[in-house]
């Protein structure tokens, strides 16, 4: 049996008998109509239930989408904050390194100034020592010369005897020795 359509119901014809329509045909048609209406009602009810479930699923998905968008926005904010914090931390590290460089540079400059001062002091002491030593040598040379002048002519200076008449005097030898030992 095929399903009844609204056109079938509108154009249904029953054979006529004396006393009206054939009761069996009418009863069969009504039973068939009742079954199909019942099936249609059940199908419509099932469709409404499925539609409700689909609408609930859509609402659940919309809620999940909204939550996901909030999570994405929060993650973007966190990422931006992390990036900003990293920039600030890097800036602090650079500033700290610059301070350390400046302090180290200042220490090196101070050490250099101390070393220059020490070099100046040592150079001054060397110069003073050389002058004092030259003065001492000159005094010894003068004392030796005075002693040679007072000594008899027979006491020839040892340097003349050993080295000959062209030998340098003691003062010249001491000055040469001093220059070679201490430097110019």
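We did not get these values from a lab; they are worked out from the coordinates using the rules stated. Treat the numbers as computed from the prediction; the structure is a model and nothing was measured. All Cβ positions, even for glycine, are placed from backbone atoms using ideal geometry, and neighbour counts span all protein chains on display.
For residue 17 and residue 50, a Förster radius of 35 Å and the Cβ-Cβ distance give a FRET efficiency of 0.15, rounded to the nearest 0.05.
The range 117-150 and the range 56-83 have their alpha-carbon centroids 94 Å apart.
Entry for the range 1-113 at q = 0.11, 0.14 Å⁻¹: log10 I(q)/I(0) = -0.74, -0.86, Debye formula applied to identical alpha-carbon scatterers, no solvent contribution.
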